[in-house]
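Below you'll find the structure, written out as C-alpha cells, and then a few comments.
The values are calculated or read from the model by the stated rules, or taken from the named source; none is laboratory data. Fair warning: this is a prediction, and the values are worked out from it, not measured in the lab. In this analysis, Cβ positions are derived from the backbone assuming ideal geometry, glycine residues included, and neighbour counts consider all displayed protein chains. Ligands, DNA and RNA are excluded from the accessible area calculation, which covers all protein heavy atoms including side chains. Shrake-Rupley method; radii C 1.70, N 1.55, O 1.52, S 1.80 Å.
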Amino acid sequence: MTTHELDPVALEAREPDVSSRWRAIDARFRVAREDARDGDEDAALHVDRDSALVLTAPHGTRHYRAGAMKQADLHTGSLTLLAGELADVSAVVSARAHAPWDSWAERDDPFARHLRELRPPARMVVDIHGMGDHHGPDFCLGTGPRPGPLERLAVEVLRHELEDFDVAVDAPFDARPHYTVTHLAQRHLGLAGLQIEVAARWRSPRDADAAPGAAALSRALGVVDAGLRAAA
C-alpha cells in the first residue's frame, strides 16, 4: 500500500495491534543503540520509503544540544520508527550521541549525513521530539524560522486530523533555534520542516493507553504525506 492510498479506516482497525508492534520496534531500537555504543559506524537508522515526508528523531538517545549533553526524549526513536511504518513514510533516527557540536556546519555524523543526502521525492522533514506532560498540549507543532506554504499545509492537516487532541502551534516550542532539524531543513537543505513535540502520556510503548495517540499521529502524518504529493 503506497502512502497516497493510505486507508484511515484500515489503519484504525489495526489500532489494537499498535502497542505490540511498537514494543517490537522499541526492542529493535534498543539493540541498535547497543550496536552503536559498540562502535557501529552507521549510528543512525535510515528507512527509505520513497516518500515526500521524512520523519526524524534526533533525541531518542542521550544527545548533545547547544554544546551540552542532554537526556533522551524517551521513546521518540521507537515512536518515529512506528509512525514511519504505519504511515509508509521514510524515517531517520539517531541511535547514538556524538561529539559536542554547536552548529550544523560542524556536525558530521551518520544522522546529519543522512539528512544532507535526502533527495526527491523528499519535500518535508518532520522532526519528532518529546515534551513533559506539564506543558499542557498533547502535541505542539513548531513551524521553525522560515515557514512557508508546505509548513502551513502540514499544520492545517495535522490540526484537522488530530482534532480530538489538544494541538498547539509554536508554543511552548517553535523550532526556531539554530540547532533544530527544522532550522537545518528550512535554511540549509532546501526542504520544508516542522517539529512535533509529543507529550509523555502518548510516548510509552508499554502503556496501552498511549496507543491511540501514536495511531492518530501516524494516520495524520500519512495524510500530510499525501498532501505533499498532491502539492508537488
(request) Collect the residues in segment 155-171 that are open to solvent by 70 Å² or more (accessible area, probe 1.4 Å) and of a type in the set (Phe, Trp, Tyr), keeping them in residue-number order. (result) none
(request) Out of the residues in segment 102-122 that are open to solvent by 50 Å² or more (accessible area, probe 1.4 Å) and among the charged types (D, E, K, R), state the one that is nearest to Ala220 (Cα to Cα). (result) Arg119
(message) Cβ-Cβ under 8 Å, sequence separation 6+ or interchain: first residue in segment 83-101 and farther than 22 Å from His178 by Cβ and open to solvent by 10 Å² or more (accessible area, probe 1.4 Å), partner at pLDDT 95 or above and part of a loop (DSSP other than H, G, I, E, B). Which pairs?
(response) Asp88/Arg49; Asp88/Ser51
(message) Go through segment 123-141 and report how many residues are touching a Pro at 6+ places or on another chain (Cβ under 7 Å) and either open to solvent by 20 Å² or more (accessible area, probe 1.4 Å) or not in a strand (DSSP E or B) (or both).
(response) 1
(request) Could you look through segment 1-41, keep only residues that are modelled with pLDDT under 60 and of a type in the set (Asp, Glu), and pick out the one that is most open to solvent (accessible area, probe 1.4 Å)? (result) Glu41
(request) Sort out which residues of segment 108-122 are assigned to a loop (DSSP other than H, G, I, E, B) and within 16 Å of Ala57 (Cα to Cα), and write them in order of number. (result) Asp109, Leu118
(message) For the list (1) in contact with a strand residue (DSSP E or B) (Cβ under 7 Å, 6 or more places away or on another chain); (2) not in a strand (DSSP E or B), I need the number of the one condition that Ala226 fails.
(response) (1)
(message) Being surrounded by 19 or more Cβ atoms within 10 Å (Cβ to Cβ) and within 18 Å of Ala226 (Cβ to Cβ) is the filter here; which residues of segment 142-154 pass it?
(response) Leu150, Glu151, Ala154
(request) Could you list, in sequence order, all residues of segment 120-162 that are in contact with a helix residue (DSSP H, G or I) (Cβ under 9 Å, 6 or more places away or on another chain), of a type in the set (Val, Ile, Thr) and without any contact (Cβ under 8 Å) to a residue 60 or more places away in the chain? (result) Thr143
(message) So, in segment 175-200, exactly how many residues are over 15 Å from the mean Cα position of the chain (by Cα) and farther than 17 Å from Pro149 by Cβ?
(response) 5
(request) Give the residues of segment 83-107 that are assigned to a strand (DSSP E or B) and among the polar types (S, T, N, Q), sorted by residue number. (result) Ser90, Ser94
(request) Determine whether segment 160-168 contains at least one residue that is at negative phi, modelled with pLDDT of 95 or more and part of a helix (DSSP H, G or I). (result) yes
(request) Check segment 195-208 and report whether any residue there is farther than 21 Å from Pro58 by Cβ, modelled with pLDDT under 95, open to solvent by 60 Å² or more (accessible area, probe 1.4 Å) and part of a helix (DSSP H, G or I). (result) yes
